[in-house]
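Worksheet: one structure, shown below.
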Amino acid sequence: MTTAVLVAIIAAVVVVIGVVAFVATRRKPLPPPPAEKPLPPPPVEKPLPPPPEAKPAAPSVPTPVEKPSAVVPTIVRARERAELKSGLAKTRGGFVSRLGKLFAGKAKIDQSLLDQIEEVLFTADIGVKTSQKLIEALRSELTSKEVADTDAVWAFLKRESARLLQVDAQPIDLSRGKPFVILMIGVNGVGKTTTIGKLAAQYVADGKKVLLAAGDTFRAAATEQLEVWGQRTGCPVIKGREGGDPSSVVFDAVRRGAMDGFDIVICDTAGRLHTKTNLMEELQKVRRVTDKASSGAPHETFLVLDATNGQNAIAQAQMFKQAMDVSGIILTKLDGTAKGGVILGICDELKLPVRYIGIGERVEDLRPFDPAEFVEALFAREDAAEAA
């Protein structure tokens, strides 16, 4: 490279450097960014004025609560009375109907009518002792001249019948035991197992937990029938082998009832002829074993009697009462017999309360016994008049 070219290049570089330096000295610096203005302080909140004093509210008028109407219970009671009256139609057609025929068209009591009343009572199924008691009471009333006409005699017989049926007894108290144990006794054929099933159904409907004991081990049909009722009502059934020891079945049932929290245990028992002593011995054993299984049990011992047996039912009751501590009577099949007047003799001679009566096939046809309602249905005057 020639010296002239090299000098030219150097000169050009110098010129460029000079131009750059000149430009740099002529450039103004950028102004600094403006300072941020501080935000104004937030406005001071003024306190809210106090709320005006609340004026005492006017006393509110409570919305009236509609009381349950008494119409429905009245209708139910009327239907129950009508059903009882219908269920006692055959019994009413017995000695009560015969009395009604005697009184028809008679205004005053004379000796002839009194003799006829005495004959009707003696031939009725109310029992000889009870008949004699009614006749003596009636003669005493007539002697004192407090009874002079047939209407008064009719009213007197109703009052005396109600008095005979009103046996002093404590109401059934299910709180006496847990479980509450009921022992059912009676001869075969009186409706004992069916009565157990109906009782169980009613207790279950009331919210009770019920256990059944098939203690009649001598009759296979009784166990099978009780199992059917157990299926209908949802109640377990404790059973043993056929011909086995009834006491062991009842013992197991009561112990199971206590362990599993059952409210009620209803025990069926054997019911062979009441004239056999060994049956009574077996029942006494069952009672002793029941007490061992649960102290104080059984809490109720119900004797089931068939109204169609008439005065024979009184004989059965006397036999059972001698052997067992019977606490109440259940009189079945009143709807199928004219011998229902035997209930007067049972209450009068044995001084045992009637707890339930059976007037039909339905569960609700087994109903608690009410002496006053029973007498009203038994001595219904319109039926007596029709009978005449």
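In the range 136-295, what percent of the accessible surface is made up of carbon and sulfur (1.4 Å probe, ligands and nucleic acids excluded)? C and S atoms contribute 47 percent here. Can you return the aspartates and glutamates within cross-link range of LYS192? Criterion is Cα-Cα under 18 Å, with same-chain partners fewer than 8 residues away left out. Straight-distance partners of LYS192: ASP216, GLU224, GLU227, ASP268, GLU282, GLU300, ASP306, ASP325, ASP335, GLU361, GLU364, ASP365. Using the average count of surrounding beta-carbon atoms within 10 Å as a protection proxy, the listed peptides 81-90, 110-119, 194-203 rank, highest first, as 194-203, 81-90, 110-119. Applying both filters, DSSP loop and at most 16 other Cβ atoms within 10 Å, to the trypsin sites (Lys or Arg not before Pro) of the range 94-174 gives LYS106, LYS145. Using only Cα coordinates, the Kirkwood hydrodynamic radius of the range 237-388 works out to 17.3 Å. Let's test the formula: R0 of 30 Å, r as the Cβ-Cβ distance of GLN318 and LYS106. What FRET efficiency results, to the nearest 0.05? Efficiency, rounded to the nearest 0.05: 0.20. Shape analysis of the range 120-187 yields a ratio of the Cα radius of gyration to the Kirkwood radius, Rg/Rh, of 1.21. With each label modelled as a point 7 angstrom along the Cα→C-beta vector, the GLU361-ARG79 pair spans 2.0 nm. So what does the Cα-only Debye profile of the range 237-303 read at q = 0.11, 0.12, 0.22, 0.23 Å⁻¹, as log10 I(q)/I(0), no solvent term? Here the Debye-derived log intensity ratios amount to -0.25, -0.30, -0.97, -1.05. With the largest listed first and rounded to whole Å, the semi-axes of the equivalent ellipsoid of the range 178-302 from the Cα gyration tensor are 20, 17, 12.
For LYS129, list the aspartates and glutamates whose Cα falls under 12 Å from its own Cα; do not include residues on the same chain fewer than 8 positions away. Excluding near neighbours in sequence, the set is ASP348, GLU349. Go through LYS239/LYS321; LYS285/LYS321; LYS208/LYS333; LYS178/LYS321; LYS178/LYS208 and tell me which ones have a Cα-Cα distance over 20 Å in this structure. Where the Cα-Cα span goes over 20 Å, the pairs concerned are LYS239/LYS321; LYS208/LYS333; LYS178/LYS321. The modelled label-to-label distance for the pair GLU376/LEU113, using points 7 Å beyond Cα in the direction of Cβ, is 2.6 nm.
Solvent-accessible surface of the range 288-388, averaged per residue with a 1.4 angstrom probe and all protein chains in place: 36 square angstrom. Each of ALA155, GLY186, THR223 was placed along the dipole of the range 110-239 (beta-carbon charges, centred on the mean Cα), and the one lying farthest toward the positive end is THR223. Each principal axis of the Cα cloud of the range 201-251 was taken in turn, and the coordinate range along them, longest first, works out to 34, 21, 12 Å.
The values are calculated or read from the model by the stated rules, or taken from the named source; none is laboratory data. Since this is a predicted model, take the numbers as computed values, not measurements. Heads up, the Cβs are rebuilt from the backbone with ideal geometry, glycines too, and the neighbour counts pull from every protein chain shown. With ligands, DNA and RNA removed, areas are computed over all heavy atoms of the protein, side chains included. Shrake-Rupley method; radii C 1.70, N 1.55, O 1.52, S 1.80 Å.
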